[in-house]
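Novice: The structure is given below, and queries will be raised subsequently.
The values are calculated or read from the model by the stated rules, or taken from the named source; none is laboratory data. Since the structure is predicted, the reported quantities are computational estimates derived from the model, not experimental observations. With ideal geometry, Cβ positions are generated from the backbone for all residues, glycine too; neighbour counts draw on all protein chains shown. Accessible surface is based on the protein model in full, side chains and every heavy atom, while ligands, DNA and RNA are left aside. Shrake-Rupley method; radii C 1.70, N 1.55, O 1.52, S 1.80 Å.
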Amino acid sequence: MDATSHRFRDNARHALANGRLKESLASFTKTFPEKRQKVIDRLPEFDALRDEGVRIKNHVLANLDFYLERFEAKATAAGAQIHWCRDAAEARETVLSICRAAGARTVTKSKSMIGEEIAINEFLESNGVRPVETDLGEYIIQVRGESPSHILVPAIHLKGPDIAQTFREKHTALPPGRALDEPEAILREARTVLRGEFLAADVGLTGANMLVAETGSIVVVTNEGNADLVMSLPKVHVAVASLEKVVPTLEDAATILRLLARSATGQDITAYTTFATGPKRPGDPDGPDEFHIVLLDNGRTAMLGGEFRDMLRCIRCGACLNHCPVYAGIGGHAYGWVYSGPMGSVLTPSLLGAHQADDLPNASTFCGKCEQVCPMRIPLPTMMRHLRERQFTTGGPAAKGRGALKVWAFFARRPALYRRATALAIGALAFLGGGRGRFRRLPLTSAWTGPRDLPAPQGRTFQALWAERRRRKP
Amino acid sequence: MSARDDILSAVRLATGGGAALGRSAVARAFDERLAKPTANLIPERGKGTPAELLVRFIAESEAAAATVARVAGRSGIPAAVADYLAAHGLPRRVRAAPALKDVPWPEGIGIAVDYGKADADTPVGLSCAVSGIAETGTLVLPSGPATPTTLNYLPDVHIVVLETASIVGSYEDAWSRFREEAAGGDFMPRTVNWITGPSRSADIELILLLGVHGPRRLHILLLDGQDA
Ligand code: SF4
């Protein structure tokens, strides 16, 4: 997708004005944290498991070349073909050439953030290969020509009637008078339509939640079972994964699986967890003839050597989004790229470059909730603060506050002048604020007063009140 | 330089120089771990006596919207399948895993049974799990010549045979069984499917719906003995 992260302010303003989106987000940011808390209460070892997860990931990141080579050797021995790709363009070309070699016209896809990151759908389409999303939410937004607004619930911004309308426009071969009022009916229709696509596809494209160095397996989790049909019906399977997904052993994968679904959807485990190792074996009645794994860098090695290495522990559970007050207010689209919420605020500038996403690290209240819930204990607020500091020195939006700070510093160094100036200003503001005690609008501060009121001062400065209090106390 | 070399040298640069950092020690430790697999922390709910694990397995799989029936032995499978299909008014046409060919289907039971991988319109799939994991009520189904994967995903109804004796506590226990059976060789089949309850989605207004692409129903037949 084309990134619009640099237009965060406009995007967020639009989102704030969208009542229906607000409603969906409100129910969602309430439900998910509740469900998460419930399953975690059933697992007293959860925090200890988080520590284990952090340890595993840190160890892998410190020795990433070793585990990648081991993974490659095992996967190759099992018959998989490994393709190393430096960036999104290389990955797109690789996937396309695999599709061409297979003579593919239709590619079924299971939800993959990496697929979004490299914008594979647009690319395949413009090259005559038709990608079909099979995750229900992804399919809905694909036929609407939209992008996901949440990494787990891509169509969270839509209501049943929106989806029914879209299906009527898209599935024109079905009787126009059919009932689509119930979510169940929408689901049945999607299942039927997609069944045909699953069977017709020549290539299946998935991401991978993990890569296991011990066995050369990829791990894919879903609740719908779509990834398993994508992986077992077409004659070619392509998995696209970024480098940091590798874990040493099956035991390590088990530890991380105990964290993933609980943090993500508040389930103990997703309905389907699949370990896929190489293509179809001799005698196997089903499975793909070819199995390709694309190992993608696209900015990871740069992060590995920099101050945002910890971000590479991210398992894309979405807990930080689900608990974020800013995300709850504006939703995922406002962030303008694949990754939204706190993890997006750190990932997007790291992967696209800071100039592409100036405002994202500022879209935070620094409440700290994201770090509290992150299963991988990623210090998201600290990272956002670092990004802000970096902006301040390079003249990003955080630097715009600098002028105002200079004025303040001038007065602050001259206490007598400061007292007189503030007393004067506050008196004036109290007078202007009048009986309402609030300002709806103030010159030069529209960014603040646009969405909210500014309380008018009550007429005295803090210093004046303090001095009076000192006088009254003996 | 190839992309592979480029990426690996960038990783080495970023992590402080590869071999210089004692990769050989890391390699040795890793090989030792592979030779003698060690688990990380296993939660209490993944441990217990066989009786406790059986109770937990049933409770957890039911919590994930699966149903469970106890069957005395392999010869009890046909009647249990017939009961389930009748109780829910489901089609009496079953595609079974070839691994279940020894199950005797009596004449006159009124169920058409054949064997092999599933087709798009197979209504009921019957397959067998090698373990059940108590900590989350998870079934373990490896692929193989006699156990087609598509049986687990294409049919609307999925019935799985599991021996009570194959119930283990944790994910780690399930992997140990694979390793024991392979006796040091490569033990991963093309795919290992962990299945916990039927297919589901909350993509439409966060309403939980079952049977999106995979089965709408998951029914587990727990075999208490080798045969009745
Ligand atoms: S940053 Fe943490 S909480 Fe957010 S998606 Fe990644 S792992 Fe989950």
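Novice: How many percent of the accessible area of the stretch B:155-228 is carbon or sulfur, using a 1.4 Å probe?
Specialist: It is 47 percent, rounded to a whole number.
Novice: Further, regarding this structure: Taking the 0 to 90 degree range and rounding to the nearest ten, how far is the long axis of helix B:50-63 tilted relative to the main principal axis of chain B, both from C-alpha atoms?
Specialist: Rounded to the nearest ten degrees, it is 80.
Novice: Between A:A200 and B:A146, how high is the FRET efficiency from 1/(1 + (r/R0)^6) when r is the Cβ-Cβ distance and R₀ = 25 Å? Nearest 0.05.
Specialist: The formula returns an efficiency of 0.35 here.
Novice: Placing +1 on the Cβ of each Lys and Arg and -1 on the Cβ of each Asp and Glu in the stretch B:19-136, which of B:A112, B:I77, B:A51 has its Cα farthest towards the positive end of the resulting dipole?
Specialist: Farthest along the dipole direction, towards plus: B:A51.
Novice: Ok, one more. Dipole of chain B, Cα-centred, from +1 at each Lys and Arg C-beta and -1 at each Asp and Glu C-beta, to the nearest 20 debye?
Specialist: The calculation lands at about 360 debye.
Novice: Also: If the cut-off is 29 Å between C-alpha atoms, which lysines fall inside it for B:K117, apart from same-chain ones fewer than 8 positions away?
Specialist: Qualifying lysines at Cα under 29 Å: A:K74, A:K109, A:K111, A:K235, A:K280, B:K101.
Novice: Please give the charge dipole size of the stretch B:177-228, origin at the Cα centre, charges +1 on K and R Cβ atoms and -1 on D and E Cβ atoms. Round to the nearest 20 debye.
Specialist: The dipole magnitude comes to about 160 debye.
Novice: Order A:C324, A:C367 by their accessible area, 1.4 angstrom probe, all chains in place, largest first.
Specialist: The residues order as A:C367, A:C324, largest area first.
Novice: Could you give me the ³J(HN,Hα) list for the stretch A:263-268, computed from phi with Karplus coefficients 6.51, -1.76, 1.60 and θ = phi - 60°, whole Hz, x at Gly and Pro?
Specialist: Working through the residues one at a time gives 6, 7, 10, x, 9, 5 Hz.
Novice: Through the Karplus equation 6.51 cos²θ - 1.76 cosθ + 1.60, θ set to phi - 60°, convert the phi angles of the stretch B:67-79 into ³J(HN,Hα) values in whole Hz; use x for Gly and Pro.
Specialist: For the stretch B:67-79, the Karplus-derived couplings read 10, 10, 10, 8, 10, 5, x, 4, 5, x, 4, x, 5 Hz, x marking Gly and Pro.
Novice: Further question: Any chance you could check the stretch A:49-72 for residues losing 20 Å² or more of accessible area when the partner protein chains are in, compared with the chain on its own (1.4 Å probe)?
Specialist: Buried-area filter returns A:L49, A:E52, A:A62, A:N63, A:D65, A:F66, A:Y67, A:E69, A:R70, A:E72.
Novice: Another question about this same structure. Per-residue HN-Hα couplings for the stretch A:120-132, Karplus 6.51 cos²θ - 1.76 cosθ + 1.60 at θ = phi - 60°, whole Hz, x for Gly and Pro?
Specialist: Each residue of the stretch A:120-132 in turn: 5, 4, 4, 5, 4, 4, 6, 10, x, 10, 9, x, 10 Hz.
Novice: D for the stretch B:109-228, whole µm²/s, Stokes-Einstein with Kirkwood Rh over alpha-carbon pairs at 25 °C and 0.890 mPa s: what number?
Specialist: Answer from the Stokes-Einstein relation: 158 µm²/s.
Novice: Something else about it: Compare each residue of the stretch A:240-272 in its chain alone against the assembly with all protein chains, and report those whose accessible area goes down by 50 Å² or more; 1.4 Å probe, heavy atoms.
Specialist: A:L250, A:E251, A:R258, A:I269, A:A271, A:Y272
Novice: Now for a separate question. Which value at 222 nm does chain B reach when only helices count, each DSSP H run of 4 or more adding -39,500 (n - 2.57), with the total divided by all residues and rounded to the nearest 500 deg cm²/dmol?
Specialist: For chain B, the value works out to -8500 deg cm²/dmol.
Novice: Continuing with this model, one more query. How big a patch of accessible area, both sides summed and in Å² to the nearest 100, lies buried between B and A at a 1.4 Å probe?
Specialist: 7300 Å²
Novice: Would you pull out the residues with amide H under 5 Å of B:Y115's amide H, same chain only if 5 or more places away, H placed 1.01 Å from N?
Specialist: Hits under the 5 Å cutoff: B:A96.
Novice: Using Cα springs under 10 Å in a Gaussian network model of chain B, which residue among B:R28, B:R190, B:R216 shows the largest mean-square fluctuation?
Specialist: B:R28
Novice: Keeping all protein chains in position, work out how much accessible area B:Y115 exposes to a 1.4 Å probe, and write it in Å² to the nearest 10.
Specialist: Its heavy atoms expose roughly 80 Å² to the probe.
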